[in-house]
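Data first, discussion second: the structure below is written as structure tokens.
The values are calculated or read from the model by the stated rules, or taken from the named source; none is laboratory data. This structure is a prediction, so every number in the text was calculated from the model and none was measured. Note that we place each Cβ from the backbone using ideal geometry, even for glycine, and neighbour counts take in every protein chain shown.
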Amino acid sequence: MIYKEVINSCKKNDRKAQRELYETISPKLYASCLRYAPNEAEAKDILQDSFIIIFKKIDQFNFTGSFEGWCKRITVNTALQRYRSTKVYELVNEDQIKDEESIEIEEYNDVPLDRLLQMIQNLPDRYRLVFSMYALDGYSHNEIAEMMNISVGTSKSNLARSRKHLQEMVKTWREVNNSTAS
């Protein structure tokens, strides 16, 4: 929990308080950045950009709700903004999409977390962003569509395709690891 005094000091541009705040919440925010970025360098850039915005807008935080949640929302929006201009989304007709099954992260329990993160980072941008928002951060398709300025059908389609790509990568990884374990 971030102390109210630290946040209030940050609102006064106190560098020591800003450093304390950064050191306290940056590991959690960096983990979010890694899920949205294709590599660690971009994740670090997103984190830095996020903190610039956090410190610029910290006066807007009014202590209702979680400060970490407020920061995470800024971080996710910063990551999305980075990819919005590239128009990497595959638009589809919503009538062609059937509701997907829920994503069961447990189906990947045998894959080491760092390897699974690499697989997620290797997904095409449009799939990685939707997968991260839906499966890892718990956003609904309606929220994803609104935040990314796409249709709900496009969100569902990109999620289904991200799952397919991820399942293929996991299958390949399992085959390689099972053959080397024998």
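Which of (1) surrounded by fewer than 18 Cβ atoms within 10 Å (Cβ to Cβ); (2) within 27 Å of K28 (Cα to Cα); (3) at pLDDT 80 or above is the odd one out, the single condition S102 does not satisfy?
(3)
Return yes or no: is H141 touching a helix residue (DSSP H, G or I) at 6+ places or on another chain (Cβ under 7 Å) and either exposed (fewer than 11 other Cβ atoms within 10 Å of the Cβ) or more than 16 Å from L123 (Cα to Cα) (or both)? First the steps, then the outcome.
Values: touching a helix residue (DSSP H, G or I) at 6+ places or on another chain (Cβ under 7 Å): yes; either exposed (fewer than 11 other Cβ atoms within 10 Å of the Cβ) or more than 16 Å from L123 (Cα to Cα) (or both): yes.
Criteria met by H141.
Please determine whether any residue of the stretch 22-31 is within 18 Å of W70 (Cα to Cα), touching a Lys or Arg at 6+ places or on another chain (Cβ under 7 Å), outside any loop (DSSP other than H, G, I, E, B) and modelled with pLDDT under 95. I'd like the intermediate steps shown before the answer.
First, pick out the residues of the stretch 22-31 that are within 18 Å of W70 (Cα to Cα): 22-31.
Still in the list and also touching a Lys or Arg at 6+ places or on another chain (Cβ under 7 Å): 29.
Pick out the ones that are also outside any loop (DSSP other than H, G, I, E, B) and you get 29.
The next check asks that each one be modelled with pLDDT under 95; those that pass are none.
Looking through the stretch 22-31, none of the residues is within 18 Å of W70 (Cα to Cα), touching a Lys or Arg at 6+ places or on another chain (Cβ under 7 Å), outside any loop (DSSP other than H, G, I, E, B) and modelled with pLDDT under 95.
Condition test on F51, is it within 25 Å of Q118 (Cα to Cα) and surrounded by 14 or more Cβ atoms within 10 Å (Cβ to Cβ)? Give the steps one after another, and end with the answer.
Details: within 25 Å of Q118 (Cα to Cα): yes; surrounded by 14 or more Cβ atoms within 10 Å (Cβ to Cβ): yes.
For F51, the condition - within 25 Å of Q118 (Cα to Cα) and surrounded by 14 or more Cβ atoms within 10 Å (Cβ to Cβ) - is met.
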